[in-house]
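Q: Before anything else, here's the structure in question.
The values are calculated or read from the model by the stated rules, or taken from the named source; none is laboratory data. As the structure is a prediction and not an experimental result, all values here were calculated from the model. Reconstructed Cβ throughout: ideal geometry from the backbone, glycine too, with neighbour counts over all protein chains shown.
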Amino acid sequence: MTNILIALVVILTIAALVQLVRVNELLSEITNKDTNAVTDDDNKKNGILFLLTIPLFMGFVVWQMVTWDHLLLPPASSVHGAEIDSLMKVSMTLILVVFFILTPMLFFFAYKYRGKKGNTAYFFSHNNKLEVIWTVVPTIILTVLIVYGLKTWDRAMNTNVSDATVIEIYSKQFDWTARYSGLDKVLGKSNYRLVKGKNVLGVDMLDKNASDDMVVKEVHLPVNKPVLLMFRSRDVIHSAFLPHFRVQMNCVPGLSTQFAFTPTKTTAQMKESEGDDFEYVLLCNKICGSAHFNMQMKFIIESEEDYNKWISSQKTLQNTLTLK
Amino acid sequence: MSDHHHKETFITKYIFCTDHKMIAKQFLITGMFMAIVGMLMSAIFRVQLANPGEASVLYNLLPGGWLNEAGGLNPDKYLALVTMHGTILVFWVLTAGLSGTFANFLIPLQIGARDMASGFINMLSYWFFFIATVVLLSSLFVESGPASGGWTIYPPLSALPQAIPGSGTGMTLWLLSITLFVVGSLLGGLNYIVTILNLRTKGMSMQRLPLTVWALLITAILGVLSFPVLLSCGLLLLFDRSFGTSFYLSDIIINGEALHHAGGSPILFEHLFWFLGHPEVYIILLPALGIVSEVIAVNSRKPIFGYKAMVGALLLIAFLSFIVWGHHMFMTGMNPFLGSVFTFTTLLIAIPSAVKVFNYLATLWRANIRFTPAMLFAIGTVSAFITGGLTGLILGDSALDINVHDTYFVVGHFHIVMGLSAIYGMFAGVYHWFPKMYGKMMNKNLGYLHFWGTFICAYGVFFPMHFLGLAGLPRRYYTNSNFPMFDGLSDINEIITFFALAGAIFQAVFIFNFVYSIFKGTKASKNPWKSNTLEWTTPIERIHGNWPGDLPVVKRWAYDYSKPGMEDDFVPQDVPLFEGEKEH
């Protein structure tokens, strides 16, 4: 019944609107021959609206920047992340400056050059000098930006770090598992066909490097020590995203990917500046199925002492698999 | 050839019609229908995003409560909606709806041809598109749901029905539908290219082509070169899904079962997909920029500034669009050196883009602007192109992409630069050429209401998304309430949803105006905008063959507006040069 009523209301509203618009058009046909021709008055109204758009739009942008500033990610907690942040600052400043010049200019021109009867536009079809200027200037700015960007990229992507803690991050629908390489700093080989029972990562226990590996559900890292993350996936593509460290890498089935970084702030330090409920977290950033939105693992950055204490309390894979 | 008035029945006039103008309308109406479907989908999932956990209460307000009866919007259905929204908007609305409509409508009319090179192929192109539409929509009703692995359908997610319900029958239908779609758009594209190259009327040299036609030509070339790659990409996926091959699959355990696939790589899929996917962005954008160039020149009563630079920029953008696809894949683990190359080529696109923006601004400078609804939307396009283009400098820079990749920053960026620019361009085109399509005027005041409502709401929706992205929020999350770090973001999500729903209402104004004007609109005159291009020299009544007598002969370029020494502020293209007059 309600459905019929709703349908009826909709139909009647549309019918009323048709009549309203029709009456409006007929009325203006009496006074003005061509109802839908644009008049000077229309030009003025829309011109003024564009003029008003400048403060309103710019104000809206500034309001967002001020109001939501505290929601943005805190400064990076990693060495390469700090460099990315500086590059971000430079790029963001540049695009905001261009934005705050070009957008008001566009709307101001719309207002200033609104049409009036009797006015004639200025016939201006090209000007080589101007065109060269506005091709060359962006080219120079972009060259600087590209060079700066690529230098930062090269450093961020460098995985050739000596003395790093080596950890495998293993993804599946819908959780993460991590494997530490143990004292030998080499991860044991793995094969997806060996996944069975407690050996959730399919580690090849015949490989002598495997026995001291440790499988955990929470990653602890010593502060200011480089770490090399190696990514694997069991089923579909996932993406390991550690926003606070400016780290992201896809986990692709059949392919090994990696990312190296050095954390610079402990979780405790971050809790002081960001609030008690702060945690470093690894999330999934590539659509992977129903529970994509809830795929997380905690990262804890701590002093080297605390880290050593924690790591020495972890069971090796050899122990886990042989214990009944 | 002048006698094209053979007898028309209802079927040959409205259904299996070979007249390019009718085919254009068929594309337009189908595109608009799909736009409504896609927009309603986004309205439904925006309600969920703003009210995690309580959305079902609001869904009860939907007539009949059908969504809740079907079990509410669970994460699987959410992903299905997101996927279908993307597919529909990217391919159905902004590719077929935009190019299909305006390439068909404008190419013969603006180059002075009686019809497309092959009217029959043109008709086939629409009907392939139509069947693709039916197949895609039917996938909404299969038991396991439509495709739901994102519009980019990355395997293995899209290859394995065990991974997500939508990868079952829904995905098969998606692939079938896209195959039909590609066939349709290839038939159309080849036809557009052949027509533009061969059927230009006397005097219509390439240097005198209106920018719309240039944009449509380059778009068609992009489509013909890139869509076959999508086809092969989809075909290999079909093999992996149905015939046990391993092009994209390797080392997979799903539901506890180790699959036999070995040696394939999902990254291969991504390369193939984005080899289409990136040119696709420009297949969407360039027709809109072409339309906008025309609309801005006509309504500024000024020649478009830097015609040659505009054509050059289009060509350069099109060329570069083929060598930047890797910027979608910075985080896939591909060689960082390759990432550097793609960063370089990607940021280069900013140069021709900047040239286009400056040229639009120079066209508006000292103009005599007439604010038709089309002109408002054209200015909206330029604004969106500036706003969205600039954030491309962040995303295209591989180092910065590390932390904004696949976050809401990306969603904000592409919805503004590609979505808004293109849809505004499409609106501009509809308002501008409606008198030519239907012989009626659209209501001006409803047009104003539509523009200002849309303009405000669209920025209200997409601008805040950048902040969600900078806060680290990944896209395609059913809810962000599972991470304490995102708890502060619910306000932003509520604002976005508010504007999204309000924006949807303003689109109803457009639909109303469109339908109303077809039947009850005031009669249009032959050249209501005082425009130079050839379509306005055709009679108001639609005839097969476009011009009743001989084809017009072109004597000048399309942009002689407010030329000094002329009586009127426009000189149509078929008016001969006066004695001593220089061609621009």
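Q: Mind checking which residues of the stretch A:128-163 are farther than 30 Å from A:Ser86 by Cβ, more than 7 Å from chain B (Cβ to nearest Cβ) and of a type in the set (D, E, K, R)?
A: A:Lys129, the sole residue that qualifies.
Q: Being facing chain B (nearest Cβ under 9 Å) and surrounded by fewer than 21 Cβ atoms within 10 Å (Cβ to Cβ) is the filter here, so list the residues in the stretch A:113-127 that pass it.
A: At the first step, the residues of the stretch A:113-127 found to be facing chain B (nearest Cβ under 9 Å) are A:113-116, A:119-127.
Scanning the stretch A:113-127 gives A:Lys116, A:Asn119, A:Thr120, A:Tyr122, A:Phe123, A:Phe124, A:Ser125, A:His126, A:Asn127.
Q: Continuing with this model, one more query. Being part of a loop (DSSP other than H, G, I, E, B), touching a helix residue (DSSP H, G or I) at 6+ places or on another chain (Cβ under 9 Å), modelled with pLDDT of 95 or more and surrounded by 22 or more Cβ atoms within 10 Å (Cβ to Cβ): is that true of B:Ala96 here?
A: Numbers: part of a loop (DSSP other than H, G, I, E, B): no; touching a helix residue (DSSP H, G or I) at 6+ places or on another chain (Cβ under 9 Å): yes; modelled with pLDDT of 95 or more: yes; surrounded by 22 or more Cβ atoms within 10 Å (Cβ to Cβ): yes.
No; evaluated as a whole, the condition is false for this residue.
Q: Then there is this: When you check A:Phe259 against the structure, is it aromatic (Phe, Trp, Tyr), away from chain B (no Cβ under 11 Å) and assigned to a strand (DSSP E or B), yes or no?
A: Working: aromatic (Phe, Trp, Tyr): yes; away from chain B (no Cβ under 11 Å): no; assigned to a strand (DSSP E or B): yes.
Criteria not met by A:Phe259.
Q: Could you tell me which numbered condition B:Pro155 fails, if it satisfies all but one of (1) modelled with pLDDT of 95 or more; (2) assigned to a loop (DSSP other than H, G, I, E, B)?
A: (1)
Q: In addition: Does any residue of the stretch B:215-235 turn out to be more than 23 Å from the chain's Cα centre (by Cα), of a type outside the set (Lys, Arg) and more than 14 Å from chain A (Cβ to nearest Cβ)?
A: The initial filter retains those residues of the stretch B:215-235 that are more than 23 Å from the chain's Cα centre (by Cα), namely B:235.
Retained after the next criterion (residues that are of a type outside the set (Lys, Arg)): B:235.
With more than 14 Å from chain A (Cβ to nearest Cβ) added as a condition, the list becomes B:235.
Yes - at least one qualifying residue is present in the stretch B:215-235.
Q: Exactly one condition in (1) surrounded by 24 or more Cβ atoms within 10 Å (Cβ to Cβ); (2) under 28 Å from B:Ile253 (Cβ atoms); (3) of a type in the set (Val, Ile, Thr) is false for A:Ile301; which is it?
A: Just one mismatch for A:Ile301, condition (2).
Q: Might you let me know whether the stretch A:212-225 holds any residue that is crowded, with 20+ Cβ neighbours inside 10 Å, within 14 Å of chain B (Cβ to nearest Cβ) and in contact with a helix residue (DSSP H, G or I) (Cβ under 9 Å, 6 or more places away or on another chain)?
A: No: the stretch A:212-225 contains no residue that is crowded, with 20+ Cβ neighbours inside 10 Å, within 14 Å of chain B (Cβ to nearest Cβ) and in contact with a helix residue (DSSP H, G or I) (Cβ under 9 Å, 6 or more places away or on another chain).
Q: In addition: Looking at the stretch A:63-84, can you tell me whether even one residue there is more than 9 Å from chain B (Cβ to nearest Cβ), loosely packed, with under 13 Cβ neighbours inside 10 Å and under 23 Å from B:Ala309 (Cα atoms)?
A: no
Q: Any idea which of B:Ile394, B:Ile351, B:Ile379 is assigned to a helix (DSSP H, G or I) and under 15 Å from B:Ala313 (Cβ atoms)?
A: One residue alone meets the criteria, B:Ile351.
Q: Considering B:Pro484, B:Pro474, which residue is at pLDDT below 95 and touching a strand residue (DSSP E or B) at 6+ places or on another chain (Cβ under 9 Å)?
A: On the way: B:Pro474 fails: at pLDDT below 95.
Result of the check over B:Pro484, B:Pro474: B:Pro484.
Q: Quick one: which residue in B:Val382, B:Val341 is facing chain A (nearest Cβ under 10 Å), surrounded by fewer than 23 Cβ atoms within 10 Å (Cβ to Cβ) and either at pLDDT 95 or above or at negative phi (or both)? Give the steps one after another, and end with the answer.
A: On the way: B:Val382 fails: surrounded by fewer than 23 Cβ atoms within 10 Å (Cβ to Cβ).
Of B:Val382, B:Val341, the one residue that is facing chain A (nearest Cβ under 10 Å), surrounded by fewer than 23 Cβ atoms within 10 Å (Cβ to Cβ) and either at pLDDT 95 or above or at negative phi (or both) is B:Val341.
Q: Pairs needed: first member in the stretch A:157-172, in contact (Cβ under 8 Å) with a residue 12 or more places away in the chain; second member anywhere, outside any loop (DSSP other than H, G, I, E, B) and among the aromatic types (Phe, Trp, Tyr); C-beta distance under 6 Å; at least 6 residues apart or different chains.
A: A:Ile167/A:Tyr180; A:Ile169/A:Phe231
Q: Further question on the same structure: Just name the residue that is surrounded by the most Cβ atoms within 10 Å (Cβ to Cβ) out of those in the stretch A:262-298 that are in contact with a His (Cβ under 6 Å, 6 or more places away or on another chain) and more than 7 Å from chain B (Cβ to nearest Cβ). First the steps, then the outcome.
A: First, pick out the residues of the stretch A:262-298 that are in contact with a His (Cβ under 6 Å, 6 or more places away or on another chain): A:280, A:284, A:286, A:288.
With the extra rule that they be more than 7 Å from chain B (Cβ to nearest Cβ), the set shrinks to A:280, A:284.
Numbers: A:Tyr280: 22, A:Cys284: 29.
The extreme case among them is A:Cys284.
Q: Would you point out the residue of the stretch A:237-256, among those that are farther than 30 Å from B:Ser246 by Cα and in a strand (DSSP E or B), that is farthest from the other protein chains (Cβ to nearest Cβ)? Walk me through how you get there before you give the answer.
A: Initial filter on the stretch A:237-256 (farther than 30 Å from B:Ser246 by Cα): A:242-247.
This time we only want the ones that are in a strand (DSSP E or B), so: A:242, A:247.
Details: A:Leu242: 9, A:Val247: 7 Å.
So the residue we want is A:Leu242.
Q: Right, here's the next one. Of B:Lys444, B:Lys520, which residue is at pLDDT below 95, surrounded by 20 or more Cβ atoms within 10 Å (Cβ to Cβ), under 30 Å from B:Lys25 (Cβ atoms) and facing chain A (nearest Cβ under 9 Å)?
A: Working: B:Lys520 fails: surrounded by 20 or more Cβ atoms within 10 Å (Cβ to Cβ).
On inspection, the qualifying residue turns out to be B:Lys444.
Q: Let me ask something additional. Going by what's in this entry, would A:Arg179 be described as facing chain B (nearest Cβ under 10 Å) and in contact with an Asp or Glu (Cβ under 9 Å, 6 or more places away or on another chain)?
A: Numbers: facing chain B (nearest Cβ under 10 Å): no; in contact with an Asp or Glu (Cβ under 9 Å, 6 or more places away or on another chain): yes.
No, not satisfied.
Q: List the number of the failed condition for B:Asn255; all other conditions in (1) within 13 Å of chain A (Cβ to nearest Cβ); (2) at pLDDT 95 or above hold.
A: It fails just one condition, (2).
Q: Could you check, for the stretch B:144-151, whether at least one of its residues is at pLDDT 95 or above and assigned to a helix (DSSP H, G or I)?
A: The answer is no; no qualifying residue exists.
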